[in-house]
Amino acid sequence: MSKLIDGHQLAYDWFVLSEKSNLILSFKGDFNQDLITVLLSITEKKSNSADNTDMATTRLLTVIMECLQNICKHALPTENGFKPGLILVSQTDDLYTVRVGNLMSNSEVESLTKELKDLQKLSKDELKSRHKEVLSKTELSSKSGAGLGLIGVFRKTDKVDFDFKKIDDLSSFFNLTAEISVNSLEKK
Amino acid sequence: MDILKIKPTNDTPAITLDPENNIFEISGKSYPEDTKDFYSPVLKWIEEYANECKTETSISFKLTYFNSSSYKPILDILNKLKEVKNHQCNFKVQWHYKEGDLDMKEAGEEFSELVEVPFTFHSF
């Protein structure tokens, strides 16, 4: 019986917290391509109804797409092959915030931290040159975009933050938060 | 040469490559799970066309958004068309972007720089 009450409380707390945080989209589960297309189509409908520039919407969709495809490609699978992840998108008058979370192997934490810290230091122009440089070296045979995805996320957002929380000897929880300012974009 | 026509899906663009009616168009969204798998037949078609092409070829891109792994196949398509030796096959690119989407316009400008071919830009 007490378990049932806890469940109701969890649902209530989650709803209240979601409203307070201005969440327009939240999902926790095992990500795959079909799910990504559904989440993108929901977000597209939601943001089209708001009075936003096309570019802010496109940036939001692109960032969600890159982050979730990253989870599908790089997240640490559980024993039964699932890739659990989390996405939270919140919207205030002038800001979209996208938060994604997933499990990573501890052995990859150092290299990803280095890559992200490196990208955080670059200006928009430097990111543009880095993108061009990486693209001209990329081979089509590589399934992933060879780092182009992360560069893209940095180019399309105003601020990117990240964090790792160690879960056990094998895995850590990786969280990436990206902000897209609606006002800084030229309105038409 | 056969016409290549691919219907759009949620994550892949509509593609029409039709030399008979002189229509070459890639439009919609592009974020397939496996970009290589999706674009391989398109690149193969373009390669064959590049050998046979005799008339002016104007290719239109009308993308709303695409993922990072789609950059490379798009670049490869452009490069293959650029390499055409036949001078009668003058190659042109029409780059369409949603009005106000300056990121998409910039993506076109960057492709144009990389392949060193001038693009014509249109908003829709």
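The values are calculated or read from the model by the stated rules, or taken from the named source; none is laboratory data. Remember, it's a predicted structure, so these values are computed and weren't measured experimentally. Please note: Cβ atoms are built from the backbone with ideal geometry, for glycine as well, and neighbour counts cover all protein chains shown. Accessible surface is based on the protein model in full, side chains and every heavy atom, while ligands, DNA and RNA are left aside. Shrake-Rupley method; radii C 1.70, N 1.55, O 1.52, S 1.80 Å.
Note on the stretch B:39-67: residues that are facing chain A (nearest Cβ under 9 Å) and surrounded by fewer than 19 Cβ atoms within 10 Å (Cβ to Cβ) total 2.
Residue by residue, here is whether (1) of a type in the set (Lys, Arg); (2) more than 10 Å from chain B (Cβ to nearest Cβ); (3) out of contact with any Pro (no Cβ under 9 Å at 6 or more places or on another chain) holds:
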| position | (1), (2), (3) |
| --- | --- |
| A:Val38 | no, no, yes |
| A:Arg59 | yes, no, yes |
| A:Ile64 | no, yes, yes |
| A:Cys72 | no, no, yes |
| A:Asn80 | no, yes, yes |
| A:Ser90 | no, yes, yes |
| A:Asp94 | no, yes, yes |
| A:Arg99 | yes, yes, yes |
| A:Leu112 | no, yes, yes |
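State all residues of the stretch B:112-124 that are over 17 Å from A:His131 (Cβ atoms) and at the interface with chain A (Cβ under 10 Å from one of its Cβ atoms); if no residue qualifies, say none. Within the stretch B:112-124, B:Ser123 is the sole residue that qualifies. Applying the condition of being farther than 16 Å from A:Lys166 by Cα, modelled with pLDDT under 90 and polar (S, T, N, Q) to the stretch A:70-90 and asking which residue is farthest from the chain's Cα centre (by Cα) yields A:Asn80.
Please report, ordered by residue number, the strands (runs of 3 or more DSSP E) entirely within the stretch B:7-111 with at least 2 residues that are closer than 24 Å to A:His131 by Cα.
The strands (runs of 3 or more DSSP E) meeting that bar are B:23-30, B:57-66, B:91-97.
Tell me, please, whether a residue that is acidic (Asp, Glu) and modelled with pLDDT of 90 or more can be found in the stretch B:72-81. Yes, the stretch B:72-81 contains at least one residue that is acidic (Asp, Glu) and modelled with pLDDT of 90 or more.
In the set (1) modelled with pLDDT of 90 or more; (2) closer than 21 Å to A:Leu148 by Cα, the condition left unmet by B:Asp101 is number (1).
One residue alone among B:Lys72, B:Lys36, B:Lys82 is among the charged types (D, E, K, R) and either more than 10 Å from chain A (Cβ to nearest Cβ) or farther than 21 Å from A:Ile151 by Cβ (or both), and that residue is B:Lys82. The set of residues in the stretch B:6-31 being within 14 Å of chain A (Cβ to nearest Cβ) and in contact (Cβ under 8 Å) with a residue 24 or more places away in the chain consists of B:Thr12, B:Pro13, B:Gly28, B:Lys29, B:Ser30, B:Tyr31.
In the stretch A:72-92, which residues are of a type outside the set (Ser, Thr, Tyr), open to solvent by 60 Å² or more (accessible area, probe 1.4 Å) and out of contact with any Lys or Arg (no Cβ under 8 Å at 6 or more places or on another chain)? Across the stretch A:72-92, the qualifying residues are A:His74, A:Glu79, A:Asn80, A:Phe82. Take the conditions (1) surrounded by fewer than 20 Cβ atoms within 10 Å (Cβ to Cβ); (2) touching a Gly at 6+ places or on another chain (Cβ under 8 Å); A:Met55 misses just one of them, which is (1).
Table: residues versus (1) aliphatic (A, V, I, L, M); (2) open to solvent by 20 Å² or more (accessible area, probe 1.4 Å); (3) without any contact (Cβ under 8 Å) to a residue 12 or more places away in the chain.
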| residue | (1), (2), (3) |
| --- | --- |
| B:Ser70 | no, no, no |
| B:Asp76 | no, yes, no |
| B:Lys82 | no, yes, no |
| B:Val93 | yes, no, no |
| B:Leu114 | yes, yes, no |
| B:Ser123 | no, yes, no |
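Taking the conditions (1) within 20 Å of B:Ile46 (Cβ to Cβ); (2) surrounded by fewer than 19 Cβ atoms within 10 Å (Cβ to Cβ) in turn, B:Glu106 satisfies each one other than (1).
In this structure, B:Ile3 does not qualify as within 12 Å of the chain's Cα centre (by Cα), more than 30 Å from A:Arg155 (Cβ to Cβ) and without any contact (Cβ under 8 Å) to a residue 24 or more places away in the chain.
Each row is one residue, and each column tells you yes or no for (1) touching a residue at least 24 places away in the same chain (Cβ under 8 Å); (2) open to solvent by 40 Å² or more (accessible area, probe 1.4 Å).
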site	(1), (2)
A:Val100	yes, no
A:Glu126	no, yes
A:Val134	no, no
A:Phe173	yes, yes
A:Ala178	yes, no
